[in-house]
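Right, one structure below, let's go through it.
Each reported figure results from applying straightforward, stated rules to the coordinates on display, with no laboratory input. Predicted model only: the values in this text are computed from it and were never measured. All Cβ positions, glycine included, derive from the backbone under ideal geometry; neighbour counts span all protein chains shown.
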Amino acid sequence: MSEYWDAVHHTLQAGAVAGWLPHMLQYGFVINALLAGCLLGPLLGGLGTLVVVKRFAFFSEAVGHAALTGIAIGIMVGEPASSPYASLFGFCILFGLLLNYLRGRTGLSPDTLIGVFLAVSLALGSSLLLLLAARINIHILENVLFGSVLTVSGRDLGVLACVTIFTVMVLHRIYNRAMLASFHAPLAQARKLPVQWLDYVFVMLVTIVTVAAVKIIGAMLVGALLVIPAASARLLARSMRSFFWLTVIFATASTLTGIAVPVALDLAVPSGAAVILCAGALFGLAVLGRARVAQPAIT
């Protein structure tokens, strides 16, 4: 895997030196960040369509906040502060599965239960990280919260590539069934679809994609990129197919633009914030576009 990334780096850097690629591609960290964006944009876009249809926006935010606790646990057990992936994936997957398990067994509304989990995970994570502040660089926490193109390494790209391949394979098998279960659960049950199992698989996918995206988008903002491009596409799409592809295009464009523009203009803006601002700008244009053509959104 490392040989592959090295070959990509060499090719792009040679093109930048020769002048037929943008000057910023001379820097390895920019190449890593843009490669991560090329993987993350379509991934978050495709999954975001299900997040919006299932009304799971608040859940993705909760998982993003749970990443703080996962990072703190990783540092406590001796993992590298810049990439505590074992604790991140382990804690967030347990968090998501437990939340989904209790969602139908407590009698509480889903948003109330998610609010409880979000608040507790944020409080626990921030408390642990403050206790560990003497052992880590405070800038690491800023990168975790809001994302940073400077911190994306070859290892991060490898993890993201594995998550992308796994997620695409799973979505290819379950996407249509999961969409039907989201739109009309009784009909899905009448067709003998495993609605509960599909919910657990979906929760797992949202969790691992959220964790993989923390380096670029940041724990506080990654949930927004699952929601905003899909919300924009839903305003403009006339079919489920166009809804899916518009979401992928919007998410990819927002991610790559949010990474590239601050670097090109030498702006000290966290990559996560820049990506979400780009997504928000697209949402504003989608609102204006829908108002102009007066076409109904997908319901």
* Overall dimensions of the stretch 141-265 as given by Cα atoms, namely Rg and Dmax in Å -> 16.4, 55
* With the dipole of the chain worked out from charges on the C-beta (+1 for Lys and Arg, -1 for Asp and Glu) around the Cα centre, which of Val30, Ile71, Ser232 lies farthest toward the positive end? -> Ser232
* **Residue order, fewest to most surrounding Cβ atoms within 10 angstrom, among Cys278, Cys92, Cys38** => Cys38, Cys278, Cys92
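How big is the convex hull of the Cα atoms of the stretch 204-259, per residue, in Å³? Let's see the in-between values first.
Numbers: hull volume 4.3 nm³, N = 56.
Once divided by residue count, the hull of the stretch 204-259 is 76 Å³.
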* Return the sequence-ordered ³J(HN,Hα) values of the stretch 45-52 in whole Hz as given by the Karplus equation 6.51 cos²θ - 1.76 cosθ + 1.60 applied to θ = phi - 60°, using x for Gly and Pro. => x, x, 6, x, 4, 6, 4, 6
* Structure fact -> Calc'd 3J(HN,Hα), the stretch 221-227, phi into Karplus 6.51 cos²θ - 1.76 cosθ + 1.60 (θ = phi - 60°), Hz, glycine/Pro = x, comes to 10, 4, x, 5, 6, 6, 9
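Just to check, using Stokes-Einstein with a Kirkwood Rh over alpha carbon pairs, what's the diffusion coefficient of the chain at 4 °C and 1.567 mPa s in µm²/s?
65
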* Asked: Of the residues Asn100, Asn32, Asn176, which exhibits the maximal mean-square fluctuation in a Gaussian network model of the chain defined by a 10 Å Cα contact cut-off?
  -> Asn176
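Starting from the stretch 1-55, pick out the chymotrypsin sites (Phe, Trp or Tyr not before Pro) whose DSSP state is loop and whose Cβ has at most 11 other Cβ atoms within 10 Å. Spell out each step's value before the answer.
On the way: sites: Tyr4, Trp5, Trp20, Tyr27, Phe29; in loops: Trp20, Tyr27.
Loop-located and lightly packed - Trp20.
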* Count neighbours as other Cβ atoms within 10 Å of each site's Cβ, and list the trypsin sites (Lys or Arg not before Pro) in the stretch 194-299 that are DSSP loop with at most 15 such neighbours. => Arg238
